[in-house]
Amino acid sequence: MISPKDWKIHGSASERGLILKLERIILLRLLIVAFFLTLGAIVFEMPAVVYYGVLSGFLVLSFFYTLWLATKKYVKVLTYFQIVVDLLAITIFVYYTGGADSVLATLYALATVGAGFLLFPNAPLVVAFLSSAFFVAIVALDASGWLLAVLPPPERTFHISRDWLYVGYMSYVRVTIFMIIGFLSRHLVQSIGKMEQSLQAKEKFSLLGEMAMYLAHEI
């Protein structure tokens, strides 16, 4: 954890805020991944090699993120790296829980909203576009059967052959939802940013008023 004494030495206020957010997200991400992997293993009958492989991978990544964050260097790079890894992990979940029909595709929305609070206001749009690209790519590869030679196959229940018309339609629907979430997230982040600026301005005026009253009293 970062102590207040360290704040005086390392980085700007915005960087310190980003470090605190990343500390919470590292723990929250690990809990979410463990929950959905367990759900996938019980409900979706996810292959054991995928379950333990992904869970072990995220444990190692969380330890790596924590060590990186402790250095307080290249924090923005770490943020971008985590977002990309999250999108890859979600894409794997989508592949093993139904592909075009996967209910876990909604996890892309969490990455989209989170990016707005970690990075710049337009970040949700960028992540929404990347989510769309990842989803379309995995659905197309799944429909073509190319992934069966690379990754362990999904449970037979979810390995259903889909025609390209259906795949195209589902991709269109999902991409539309992702982009709408991206625009709404950007608007939300911008609104919160304006509120924070307004509160900061009020605090400054309040402080100036107190100083003026103190000076008037002394005079």
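Quick rundown of the values:
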{"item": "Most to least packed among 95-101, 21-27, 129-135 [average Cβ atoms within 10 Å]", "result": "95-101, 129-135, 21-27"}
{"item": "Chain lengthening between Arg162 and Val84 when straightened (0.36 nm per residue, less Cα-Cα)", "result": "25.3 nm"}
{"item": "Net charge, Ala105 excluded, C-beta distance under 15 Å - Lys, Arg +1, Asp, Glu -1", "result": "-1"}
{"item": "Solvent accessible area, Å² - Val136, 1.4 Å probe, full protein context", "result": "60"}
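The values are calculated or read from the model by the stated rules, or taken from the named source; none is laboratory data. Please read these numbers as outputs of a predicted model, since none were measured by experiment. Here the Cβ is made from the backbone with ideal geometry for all residues, glycine too, and neighbour counts use every protein chain on show. Please note that ligands, DNA and RNA were not included when accessible areas were found on the heavy atoms of the full protein model with its side chains. Shrake-Rupley method; radii C 1.70, N 1.55, O 1.52, S 1.80 Å.
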